[in-house]
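The structure under discussion appears below in the form of structure tokens.
Read the figures in this text as sums done on the coordinates, not as results from a lab. Predicted model, so just to flag it, every value in this text is computed and none were measured. All Cβ positions, even for glycine, are placed from backbone atoms using ideal geometry, and neighbour counts span all protein chains on display.
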Amino acid sequence: MSPTAFLTISATVLVAAVTPGPAATAIVARAIADGLRPALALAAGVLTGDLVFLSAAAAGMAAAAHSMGAFFTVLRWAGAAYLAWQGLALWRARPRVSPVGRAAHEGHFWRNFGAGLLLMMGHVQAILFYAALLPGVVDFASLTLADIAMVALMLVVIIGGVNAGYAILATRARRFFTDERAMRTVNRVAGTLMFAAAALVATRV
């Protein structure tokens, strides 16, 4: 892979990563509601989904994504339903005031990781993004495992870094809320963001 091709892919991924979407919205909501570690777990699930889609696109599975449209639709609606359920739970939750980083749900790494992965796996546009991006700048006949590994590392750095940045900024904003009334507002803001993420997931075609 030429340096120009790699830089082109990197710049495109960076623009896509910093553009707010369902994943960023869900990460911010989780950080506001429960703190940094749950948000980072969710972000890790999102990143894993991106890596799966990159591997699938590199293996020539874009056509399969088209033929399995119904399956991806089910996943998309399942992800949207989960986010909406989380939003409702946050709206109904009793305010809890606890030190930042020690939220009640902090220990549920795999639950948050799974939510992030489900969110991405229902996002068939992601695999199509990679399937459209890679052939446009890379000669698949000469693509090597080292090239794929290099692109995967770039995704970890860019997507992981951007989403971690969203989580950190949202967690810092959370520090300003230290009483029950303020935490009720935090919960409802986070719940509303979860509803927004669910709507974004459900309406993407």
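With θ taken as phi - 60° and the Karplus curve 6.51 cos²θ - 1.76 cosθ + 1.60 applied, the whole-hertz 3J(HN,Hα) list for the stretch 29-35 is 4, 5, 5, 5, 6, 10, x Hz, x standing for glycine and proline.
A Förster distance of 41 Å, applied to the separation of the beta-carbon atoms of VAL15 and ARG92, puts the FRET efficiency at 0.65.
Extension gain for HIS108 to LEU169 (0.36 nm times residue separation, less C-alpha to C-alpha distance): 19.9 nm.
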